[in-house]
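The structure under discussion appears below in the form of structure tokens.
The values are calculated or read from the model by the stated rules, or taken from the named source; none is laboratory data. Remember, predicted model here, so these are calculated numbers, not experimental data. Virtual Cβ from ideal backbone geometry, glycine too; neighbours counted across all protein chains shown. Ligands, DNA and RNA are excluded from the accessible area calculation, which covers all protein heavy atoms including side chains. Shrake-Rupley method; radii C 1.70, N 1.55, O 1.52, S 1.80 Å.
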Amino acid sequence: MSIRIRESSLLQCFVYSANKVVEGSRPDIAVTIARANYGLNIGTFELDMDDGELSYQAALPFHPDMPVDQVLDRIVYVGISTMNRYLPAFMSVIYENEPTREAIALVEQA
């Protein structure tokens, strides 16, 4: 996980999967990510097609007068919980050849 502050008013949280997506699975995972991202209200999944890095990025605007601890708690919680929610879908596509539509439907129904 990494935290970045951009332009003093945007806080970004990146949560990374511990595993890289193998090259042969990257096209299917890219489609799975597109399906997952479509329904998300905050943040986005990203895949580096060159090295297989899978990440989730959430960003929140904040004002310098806002309590930084509360903003950090919120964005870290969103990042970790979203990655934890969708990771089983990505893993089932990679290791069980689950169709992308069904993999996302299973985690979004839970």
Quiz item: So, in nm, how far is label ASN97 from label VAL22 when the simple model puts each one 7 Å beyond its Cα toward the Cβ?
Solution: 1.2 nm
Practice problem: Would you mind getting the accessible area per residue of the chain, heavy atoms of the protein chains only, 1.4 Å probe, in Å²? | Solution: 61 Å²
Quiz item: Once Lys and Arg get +1 and Asp and Glu get -1 on their Cβ, which of LEU11, THR32, GLY52 lies farthest toward the positive end of the dipole of the chain?
Solution: LEU11
Self-check item: Charge dipole (the chain, unit charges on Cβ, about Cα centre) - positive-most of VAL107, PHE62, TYR86
Solution: PHE62
Quiz prompt | Amide proton proximity set for PHE62, modelled H, under 5 Å, gap of 5+ | solution = LEU10, LEU11
Practice problem: Give me the percent of the accessible area of the chain that comes from carbon and sulfur atoms, probe 1.4 Å, all protein chains in place. | Solution: 51 percent
Quiz item: So how exposed is VAL22, as accessible area in Å² (1.4 Å probe, rounded to 10)?
Solution: 80 Å²
Quiz prompt | Distance in nm between pseudo-label sites at GLN12 and ALA105 (7 Å out along the Cβ direction from Cα) | solution = 3.5 nm
Exercise. Using a Gaussian network model of the chain whose springs link C-alpha atoms within less than 10 Å, name the residue from ASP65, ASP73, ASP50 with the highest mean-square fluctuation.
Key: ASP65
Quiz prompt | Dipole magnitude of the chain, debye to nearest 20 (Cβ charges: Lys/Arg +1, Asp/Glu -1, about Cα centre) | solution = 200 debye
Practice problem: Could you work out how far the C-alpha centroid of segment 54-86 sits from that of segment 1-50, in angstrom? | Solution: 14 Å
